[in-house]
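Student: Here it is: the structure, laid out below.
The values are calculated or read from the model by the stated rules, or taken from the named source; none is laboratory data. Remember, predicted model here, so these are calculated numbers, not experimental data. Here the Cβ is made from the backbone with ideal geometry for all residues, glycine too, and neighbour counts use every protein chain on show. Ligands, DNA and RNA are excluded from the accessible area calculation, which covers all protein heavy atoms including side chains. Shrake-Rupley method; radii C 1.70, N 1.55, O 1.52, S 1.80 Å.
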Amino acid sequence: MFRFFERLVDPYCPYTETNTPPQTLWPFMLQYARPFRKVFVWAGIMSVIVAAIEISLIFYMGRVVDVLEGEPETVWDTYGTELILVAIFILTARPLLQALDVLLLNNAILPNFGTMIRWRAHRQVLRQSVGWFENDFAGRIANRIMQTPPAAGEVVFQVFDAISFSLAYLLGAAILLSTSDPRLLIPLLGWFLLYGLLLRWTIKRVGPASQAASNARSVVTGRVVDAYTNIHSVKMFAHHEQELDYAKEAIEETRRTFQVEMRIFTLMDVSLVLLNGVLIVGVVGWAILLWMQGTASVGVVAAATALTLRLNAMTGWIMWALTTFFRELGVVAEGMETIAQPVTLTDDKHATPLKLTDGTIEVKGLSHHYGRESGGLDGIDLTIRRGEKIGLVGRSGAGKSTLVKLLLRFYDPERGQILIDGQDITRVQQDTLRLAIGMVQQDSSLLHRSVRDNILYGRVDATEEDMFAAARQAQAHEFILDLEDPQGRRGYDAQVGERGVKLSGGQRQRVTLARVILKNAPILLLDEATSALDSEVEAAIQDTLYGMMKGKTVIAIAHRLSTIAQMDRILVLDQGRIVEDGSHDALLAQGGLYADFWARQSGGFLAIEEAS
């Protein structure tokens with residue numbers, strides 16, 4: 001039974017991805033609600049039916065009171081069959097209908113609706129560019145991805161569990177009282193008007209207050225995750241107290257925004273108690289007055305009393321449900337600030353897969369300043385022929401990393417273009433571009449998974465033998481076999497920790513090298529590929545790197561100039577421009593910046609004053 005309802009909607013059903021999600025709340029919610037339309041209709045119908053049954057029971061209790069005024073024998077003879085049928089209905093049909101209502105809500109809608117939003121939101125965020133991620137906290141992004149689905153699920157829950165039920169219930173109550181005596185509608189309608197005004201006052205304030213509170217919670221999460229991610233820096237600089245103060249500032253703002261939210265609820269609760277007193281006294285008092293005048297039966301008084309007491313109990317729940325509804329809408333609205341951001345770095349609608357013939361790279365008039373007036377690259381022209389090995393040298397901020405990021409299309413250039421085998425990289429599919437490029441970064445962070453998963457990230461369809469061969473080539477196989485994590489997993493199954501923190505810098509770099517070796521891409525980018533290795537391991541890895549380079553087009557960034565001295569050409573970047581281009585010997589003979597760098601090296605690195 002449960003599986004039938006749980007499978008009514010597939011949260012992973014196909015859908016059309018969009019680069020420009022709806023920017024307003026209801027279109028955003030409706031976009032996710034489309035696969036649930038039929039289920040939502042049935043949930044609404046069942047909610048109304050359940051409310052009608054509850055109202056009918058109250059009405060029938062009033063009838064029972066009137067019926068019991070007769071002699072017991074006469075009552076049973078006249079109404080016995082009716083009472084039995086009502087009892088059977090209460091014991092069978094009522095729980096079945098209630099079960100159908102909750103099965104639709106609890107099993108068909110809630111688990112699948114939140115899952116679908118989380119899945120699609122994660123897919124949408126993963127499509128964003130590297131630059132988009134660099135402009136936000138990873139913790140805040142993750143927090144919004146995690147907060148929004150349950151908030152949206154709570155919105156749907158309140159629509160069908162409370163709002164539709166309560167509207168049907170209030171309408172049924174009005175019909176019941178009007179059939180008993182139309183005059184009983186007067187205090188009910190007066191109360192309903194005041195209740196609506198209180199509701200409007202509350203809703204108007206709860207939405208913005210809850211969005212502010214949700215945003216404050218996201219800031220706390222971002223700051224806490226930032227501290228945990230950089231715990232080595234926190235400990236190394238003994239900034240424990242500073243981090244606590246930094247977090248406390250955000251935590252206190254969260255408390256302040258939550259206090260504002262709770263003040264609204266307190267005022268609402270107190271006002272609601274006063275209003276419900278008016279409801280009870282008004283409806284029950286009027287019913288008693290009508291009975292004293294002989295125009296209403298005891299059953300009418302009993303039904304009116306039961307109804308008002310039930311409404312008294314329900315109004316707080318309805319008010320809380322509605323405020324929860326709008327509070328969670330505020331959380332969804334806050335989550336939309338991340339989830340609904342347009343994807344700006346996209347494939348051209350006519351983009352085709354990159355077709356590699358020989359791996360020639362052409363850079364024409366390339367400029368990129370990250371939206372600023374300086375920094376980055378300024379009018380670069382460059383041709384890297386098939387199989388050519390290029391070294392990039394320059395002070396920090398000269399534009400070396402910018403060139404690599406543009407080549408990977410992490411950003412689109414502000415001016416100029418990059419072509420691979422004559423194809424503008426902004427006109428080819430991004431995934432095919434990056435599949436053609438292997439990169440070893442200076443920051444050799446790993447996924448918080450097993451060593452096997454990290455190496456196979458380079459080529460998921462590789463065999464175990466391929467993986468072992470890549471690890472051996474990267475001088476990693478032996479130390480991997482000796483690994484063991486706290487859960488007892490050993491060797492290639494051992495978990496490496498977040499960003500690979502359970503491994504040394506040299507071990508992380510060698511696992512990263514194994515991953516790139518396994519990928520075996522025709523274009524190879526090296527960004528300080530041996531910076532984390534000791535001299536002995538570096539000497540062995542150098543042979544591996546030169547082996548990897550055979551037949552590939554290579555761009556290598558290095559401050560340790562000895563690692564690129566054997567390159568075919570060395571480019572010296574300064575202030576975003578290529579100022580020198582030639583072999584190691586030619587540049588030394590030229591006596592320019594490269595010769596100066598070489599002369600100033602200490603231990604094989606650029607001097608500090610030059611690299612700063």
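Student: Using a probe radius of 1.4 Å on heavy atoms only, what accessible surface per residue do you get for the range 83-151? Whole Å² is fine. The partial results should precede the final answer.
Tutor: Details: 3290 Å² over 69 residues.
It amounts to 48 Å² per residue over the range 83-151.
Student: Which whole-angstrom value gives the distance between the alpha carbon centres of the range 433-469 and the range 482-529?
Tutor: Cα centres, the range 433-469 to the range 482-529: 8 Å.
Student: According to a simple spin-label model (label point 7 Å from Cα along Cα-to-Cβ), what is the distance in nm between ASP348 and GLN293?
Tutor: According to this spin-label approximation, the distance is 8.3 nm.
Student: Then there's this: Calculate how steeply helix 93-102 sits against the longest principal axis of the alpha-carbon atoms of the chain, using the helix alpha-carbon long axis, and give the answer as 0 to 90 degrees to the nearest 10.
Tutor: Roughly 20 degrees between the two axes.
Student: Next question. Quick check on the range 1-110: take the gyration tensor over C-alpha atoms, sort the square-rooted eigenvalues as a ≥ b ≥ c, and tell me if it's rounded (a/c under 1.5), prolate or oblate. Walk me through the numbers before you get to the answer.
Tutor: Working: a/c = 6.85, a/b = 2.97, b/c = 2.30.
Prolate, since a/c reaches 1.5 and a/b exceeds b/c.
Student: With +1 on the Cβ of every Lys and Arg and -1 on the Cβ of every Asp and Glu, and nothing else charged, how large is the dipole of the range 83-207 about its Cα centre, in debye rounded to the nearest 20? Mind showing how you got there, number by number?
Tutor: Values: 11 positive and 6 negative charges, 72 e Å.
Approximately 340 debye in magnitude.
Student: Label point 7 Å out from ARG427 along Cα-to-Cβ: which residues of the range 316-352 have amide N under 16 Å?
Tutor: Hits in the range 316-352 for ARG427 at 16 Å: 347-352.
Student: Continuing with the same structure: By how many degrees, between 0 and 90 and to the nearest 10, does the Cα long axis of helix 535-549 differ from the longest principal axis of the chain?
Tutor: Once rounded, one gets 90 degrees.
Student: What does the convex hull of the Cα atoms of the range 283-395 come to per residue, in Å³, rounded to a whole number?
Tutor: Values: hull volume 32.5 nm³, N = 113.
Convex hull of Cα atoms, per residue: 287 Å³.
Student: Specify which labelled value, from (i) 1.39; (ii) 0.94; (iii) 1.15, agrees with Cα Rg over 2.2 N^0.38 Å derived from the coordinates of the model shown.
Tutor: For Cα Rg over 2.2 N^0.38 Å, the calculated option is (i).
Student: Would you mind telling me the share, in percent, of accessible area of the chain contributed by carbon and sulfur at probe 1.4 angstrom?
Tutor: Numbers: 17800 of 30450 Å².
Here it works out to 58 percent.
Student: With each label point set 7 Å from Cα along the Cα-Cβ vector, what nm distance links LEU447 and ILE186?
Tutor: 7.3
Student: Another one. How large is the charge dipole for the chain, taken about the Cα centre, if only the Cβ atoms of Lys, Arg (+1) and Asp, Glu (-1) carry charge, to the nearest 20 debye?
Tutor: Working: 58 positive and 67 negative charges, 155 e Å.
I would put it at about 740 debye.
Student: Whole Å is fine, so just give me how far the alpha carbon centre of the range 66-120 lies from that of the range 129-198.
Tutor: 23
Student: A further question follows. Along the charge dipole of the chain, Cβ charges K/R +1 and D/E -1, which of VAL393, LEU587, ILE339 sits furthest on the positive end?
Tutor: After comparing all options, I get ILE339.
Student: Moving on to the next point. Between ALA351, GLN211, SER450, whose Cα lies farthest towards the positive end of the dipole of the chain when Lys and Arg beta carbons carry +1 and Asp and Glu beta carbons carry -1, centred on the Cα centre?
Tutor: So the residue furthest toward the plus end is ALA351.
Student: Sum -39500 (n - 2.57) across every DSSP H segment of at least 4 residues in the chain, then divide by the residue count to get the 222 nm mean residue ellipticity, nearest 500. Provide the component values of the computation, followed by the final result.
Tutor: On the way: 23 runs with 365 residues, N = 612.
Estimated from H runs of four or more residues: -19500 deg cm²/dmol.
Student: Going 7 Å from the Cα of GLU414 toward and past its Cβ, which residues in the range 369-399 have a backbone nitrogen under 12 Å from where you end up?
Tutor: Answer for this model: 369-379.
Student: Something else now. Per 0.36 nm of contour for each residue apart, how much would the distance between SER504 and MET61 grow if the chain were fully extended, relative to their Cα-Cα spacing?
Tutor: Working: separation 443, 0.36 × 443 = 159.48 nm, distance 7.57 nm.
Extra length available between SER504 and MET61 comes to 151.9 nm.
Student: Based on the mean of other beta carbon atoms within 10 Å per residue, what is the order of 193-206, 51-64, most packed first? Write down the numbers at each step before the final one.
Tutor: On the way: 193-206: 15.6, 51-64: 17.9.
Going by the mean number of other Cβ atoms within 10 Å, highest first, we get 51-64, 193-206.
Student: If you average the sequence gap of Cα pairs under 8 Å that are 6 or more apart and divide by the length of the chain, what percent do you get for the contact order? Each step should come with its number before you reach the end.
Tutor: Values: 867 pairs, mean separation 86.2, N = 612.
With pairs under 8 Å counted, the relative contact order is 14 percent.
Student: Give me the extension gain from ASN19 to ARG386: residue separation times 0.36 nm, minus the current Cα-Cα distance, reported in nm with one decimal.
Tutor: Gain on stretching ASN19 to ARG386: 128.6 nm.
Student: Now for a separate question. State the answer as a single residue: which of LEU435, SER504, ILE109 lies farthest towards the positive end of the charge dipole of the chain, with beta carbon charges of +1 for Lys and Arg and -1 for Asp and Glu, about the Cα centre.
Tutor: Of the options given, the answer is ILE109.
Student: Same structure, new question: Using alpha carbon centroids, what distance separates the range 257-297 and the range 227-249, in Å?
Tutor: About 52 Å separates the Cα centre of the range 257-297 from the one of the range 227-249.
Student: Mind checking the per residue accessible area of the range 381-484 for me, 1.4 Å probe, whole number of Å²? It would help to have the intermediate numbers written out before the result.
Tutor: Numbers: 4780 Å² over 104 residues.
So the range 381-484 comes to 46 Å² accessible per residue, rounded to a whole number.
Student: Here is the link list: LYS355/LYS519; LYS364/LYS405; LYS405/LYS550; LYS349/LYS400; LYS519/LYS552. Which ones come out longer than 19 Å on Cα distance? Working shown, then result.
Tutor: Working: LYS355/LYS519 17 Å; LYS364/LYS405 16 Å; LYS405/LYS550 23 Å; LYS349/LYS400 30 Å; LYS519/LYS552 13 Å.
Cα-Cα > 19 Å for LYS405/LYS550; LYS349/LYS400; rest within.
Student: Mind putting a number on the dipole of the range 266-362 about its Cα centre? Charges go on the C-beta only, +1 for Lys and Arg and -1 for Asp and Glu, and I need it in Debye to the nearest 20.
Tutor: Details: 4 positive and 8 negative charges, 162 e Å.
For this selection, approximately 780 debye.
Student: On a 0 to 90° scale, report how tilted helix 110-126 is relative to the longest principal axis of the chain, with both axes built from alpha carbons and the result rounded to the nearest 10.
Tutor: Taking Cα atoms only, the helix is inclined about 20 degrees.
Student: Another question, then. Rounded, prolate or oblate: which one fits the range 333-455, using the alpha carbon gyration tensor with axes a ≥ b ≥ c (rounded when a/c is under 1.5, else prolate when a/b beats b/c, else oblate)?
Tutor: Details: a/c = 1.28, a/b = 1.17, b/c = 1.09.
Taking the square roots of the gyration eigenvalues as a ≥ b ≥ c, the range 333-455 is rounded.
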